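The values are calculated or read from the model by the stated rules, or taken from the named source; none is laboratory data. Here the structure is a predicted model, which means the values were calculated and not measured. Methodologically, a virtual Cβ is constructed for each residue, glycine included, from the backbone with ideal geometry; neighbour enumeration extends over all protein chains shown.
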Amino acid sequence: MVKTSDVILILIAILFPPAAAAVVTGCSCDLLINICLTILGYLPGSIHAFWLIYKKIQAEEQYGSGGFQYIGNGQYQPLHQGIIGYPQPPQPHYGATGV
């Protein structure tokens, strides 16, 4: 579901694609890629910015608002363990018993 903040982000992407990429990803490799694409042409930079916004909207639908972290390449991971569908990693066994 598209929120008001997403609409504002889309408007920013129309006006200046690297600014939208910076809002979505922070200072990351995707921002550098978006700057290079925008220098090569306005359209490639805009498409990349829209793709980043689309992936952010998908993460909001999957993990809930604020329940995810950007890990790069348009991918997100949940912040909290124990979410349905995401098994918790096994805990290390310290000591001699292994239980």
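Please go through the range 53-99 and give me each residue that is modelled with pLDDT under 80 and of a type in the set (S, T, Y), ordered by number.
Matches in the range 53-99: S65, Y86, Y94, T97.
Just one of A59, A20, A49 is of a type in the set (A, V, I, L, M) and either touching a Gly at 6+ places or on another chain (Cβ under 9 Å) or without any contact (Cβ under 8 Å) to a residue 24 or more places away in the chain (or both); which is it?
A59
Answer yes or no: is there a residue in the range 30-47 that is of a type in the set (G, A, S) and under 28 Å from H80 (Cβ atoms).
The answer is no, given that none of the residues of the range 30-47 is of a type in the set (G, A, S) and under 28 Å from H80 (Cβ atoms).
Please find, within the range 5-27, the residue that is farthest from the chain's Cα centre (by Cα) out of those that are closer than 13 Å to G72 by Cβ and buried (at least 17 other Cβ atoms within 10 Å of the Cβ).
Only one residue tops the list, namely A21.
Looking at the range 66-76, which of the residues that are part of a loop (DSSP other than H, G, I, E, B) and in contact (Cβ under 8 Å) with a residue 24 or more places away in the chain is nearest to L11 (Cα to Cα)?
Filtering the range 66-76 for residues that are part of a loop (DSSP other than H, G, I, E, B) and in contact (Cβ under 8 Å) with a residue 24 or more places away in the chain, the one nearest to L11 (Cα to Cα) comes out as G74.
Suppose the filter is part of a helix (DSSP H, G or I), more than 11 Å from the chain's Cα centre (by Cα), of a type in the set (S, T, N, Q) and surrounded by fewer than 19 Cβ atoms within 10 Å (Cβ to Cβ); does Q58 pass it?
No, not satisfied.
Which members of the range 28-56 meet the condition of being in contact with a Pro (Cβ under 6 Å, 6 or more places away or on another chain) and over 26 Å from P78 (Cβ atoms)?
Within the range 28-56, I35, L37, T38, G45, S46 meet the criteria.
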